[in-house]
Amino acid sequence: MTNFVLENRSFNVYRAAHSLSENEITAFEGQIGTQLPFQLRSFYLHWNGGLPYPTDIPDDKSAWVRLYWAKGVKSAQGGPAACFQGLFRINEEPAIDFLRTWNDFKHRIPQDVLCFARDPGGSQFVIGIKEYNLGKIFFWDRDYEADIDAGETPNYDNIAFVANSFTEFLLALREEPDKGESLEDWVKRVYPE
């Protein structure tokens, strides 16, 4: 069953919770102190988190996306791609609850982004919430985060650009690398320039 179509690409949404009402979304935005960017907000009104999954990716494969690191950042050693685990849910079980995750990470990430999804290793997909980066998707690598206990301020040294919008992010999802295929070779194969 296809749940939605974007630019002729079909998606299913797995493990979504109940769709949210306008009042529930507004209450959540009040708790986090910012409005969700439009495309992400629209998604939550239909599907409360979960895993939007392109139907052209086999069920036994995971969805990955390309990362664009700034030149010279140490965190680029993490690789040119990341696995997409799924979006957090609002008012749901603690391990995947959006508000709980936001409270856990809001002091660890820059103040101009909001974490909304994760990879299997605990790194976060974040979305811009300020006028200059509104709706843009980034990947925050937890292995290279700022040491806030030592007085470091979270910045973009461990953040890679992913997409200009939530829709572009979903359309960029691809089937995981083949067994034994390097991430660099995978990027060249599935994202030809």
Problem - Near pairs, Cβ below 8 angstrom, 6+ apart or cross-chain, from region 164-185 (polar (S, T, N, Q)) to any residue that is at pLDDT 95 or above and assigned to a loop (DSSP other than H, G, I, E, B) - result: 164/135; 164/136; 165/135; 165/136
Problem - Single condition residue 161 does not satisfy, out of (1) assigned to a strand (DSSP E or B); (2) crowded, with 18+ Cβ neighbours inside 10 Å - result: (2)
Exercise for the section: Assess whether residue 158 counts as being of a type outside the set (A, V, I, L, M, F, W, C) and in contact with an Asp or Glu (Cβ under 6 Å, 6 or more places away or on another chain). Expected result: yes
Handout entry: Residues being outside any loop (DSSP other than H, G, I, E, B), within 18 Å of the chain's Cα centre (by Cα) and either touching a residue at least 60 places away in the same chain (Cβ under 8 Å) or crowded, with 16+ Cβ neighbours inside 10 Å (or both) - total across region 28-60
Key = 13
Handout entry: Residue list for region 1-18, restricted to those being part of a loop (DSSP other than H, G, I, E, B) and either surrounded by fewer than 13 Cβ atoms within 10 Å (Cβ to Cβ) or in contact (Cβ under 8 Å) with a residue 60 or more places away in the chain (or both)
Key = 1, 2, 7, 8, 15, 16, 18
Practice task
Would you check which residues across region 36-72 are under 14 Å from residue 167 (Cα atoms) and either β-branched (Val, Ile, Thr) or in contact with a Cys (Cβ under 6 Å, 6 or more places away or on another chain) (or both) and list them?
Solution key: 65
Practice task
Among the residues of region 88-141, write down those that are of a type in the set (Asp, Glu) and without any contact (Cβ under 8 Å) to a residue 60 or more places away in the chain.
Solution key: 93, 97, 104, 112, 119, 131
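The values are calculated or read from the model by the stated rules, or taken from the named source; none is laboratory data. In this text the structure is predicted, and so the values were computed from the model without any measurement. Neighbour counts run over all protein chains shown; Cβ positions are idealised from the backbone, glycine included.
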